[in-house]
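The values are calculated or read from the model by the stated rules, or taken from the named source; none is laboratory data. Worth saying up front: this structure is predicted, and the values here are computed from it rather than measured. Virtual Cβ from ideal backbone geometry, glycine too; neighbours counted across all protein chains shown. Note: accessible area is taken over every heavy atom of the protein model, side chains too, but ligands, DNA and RNA are not part of it. Shrake-Rupley method; radii C 1.70, N 1.55, O 1.52, S 1.80 Å.
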Amino acid sequence: MAVCEVCGNDYDKPIEFIRDGETHSFDSFECAIHMLAPRCEHCGCTIIGHGHEAAGRMFCCAHCAAQAGVEGVSDRADELSS
Ligand SMILES: [Zn+2]
Ligand SMILES: [Zn+2]
């Protein structure tokens with residue numbers, strides 16, 4: 001039994017994530033994402049996939065990185081289509 005760190009739900013099948021040696025318990029992926037997923041610096045959406053890390057900043061996609069003034073980042077989709 002573990003209490004979700006986000007919403008406080010006491011759930012008998014918790015999801016546990018270990019980050020930096022600390023265990024975090026959640027009742028759902030939604031709550032886990034809410035707490036652990038990085039957020040795009042430009043549009044603020046949660047980054048659930050790989051995202052783009054540029055100059056120590058996290059973005060959901062190359063478009064957002066470019067909008068925020070980071071150059072030299074491109075989506076793989078762009079590379080394949082060009
Ligand atoms: Zn929860
Ligand atoms: Zn974004």
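Which of the peptides 12-21, 59-68, 36-45 is most tightly packed, and how do the rest follow, judged by the mean count of other Cβ atoms within 10 Å per residue? Could you put the intermediate results ahead of the total?
Working: 12-21: 9.9, 59-68: 19.9, 36-45: 14.9.
Order by mean packing, descending: 59-68, 36-45, 12-21.
Compute the distance from the alpha-carbon center of the range 41-67 to that of the range 14-33, in whole Å.
Taking the Cα centre of the range 14-33 as reference, the centre of the range 41-67 is 22 Å away.
Using a 1.4 Å probe over the heavy atoms of the protein chains, calculate the carbon and sulfur portion of the accessible area of the chain as a whole percent. Could the numbers behind the result be given before it?
Details: 2800 of 5720 Å².
After summing per-atom areas, the C and S share lands at 49 percent.
Over the chain, with the other protein chains present, what is the accessible area per residue in square angstrom, probe 1.4 angstrom?
Working: 5720 Å² over 82 residues.
Spelled out: the 1.4 Å probe surface of the chain, per residue, equals 70 Å².
Using only the Cα atoms, work out Rg/Rh for the range 1-75, with Rh taken as the Kirkwood radius, to two decimals. Could the numbers behind the result be given before it?
Details: Rg = 15.2 Å, Rh = 13.6 Å.
Reported Rg/Rh (Cα atoms, Kirkwood Rh): 1.12.
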